[in-house]
């Protein structure tokens, strides 16, 4: 058996084991799904964010302070992304790479516009379907 065939066999074996693990994990969740009745986000009970015992592992920080730290992390990521974007924009680029990049950008833009139109039409149809009396649908 050559090394290429051996790698192919190992790759297929790894994919098969991953598929089996995903199926077992999915089947393990079935009893939890079957036992629950109608559940929605409206039934969620939110904790008191001013309670310091909510996050005892952070030294008794309140939920509001944890949310504030999370907001600071998000703002830091935004600043970091802006700085990196500005540095990348200033790099020199080969003309053929710029043409390929422009083609990819225009293709993605066209795709997103088409998908947006489709979603708007789908939303209009579903809204119309939901607002009509049931006797009009037959």
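Couple of notes before you dig in:
- Inter-label distance, residue 128 to residue 91: 4.9 nm, where each label sits 7 Å from its Cα along the C-beta direction.
- When the Cα atoms of region 15-116 are aligned to their principal axes, the ranges along those axes come out at 58, 41, 33 Å in descending order.
- For 7, 90, order by how many other beta-carbon atoms lie within 10 Å, fewest first: 90, 7
- When 10, 66 are sorted by how many other C-beta atoms sit within 10 angstrom of their C-beta, beginning with the fewest, the order is 10, 66.
Where a number appears in this text, it was derived from the coordinates with a stated rule and is not lab data. Because the structure is a prediction, the values reported are computed rather than measured. With ideal geometry, Cβ positions are generated from the backbone for all residues, glycine too; neighbour counts draw on all protein chains shown.
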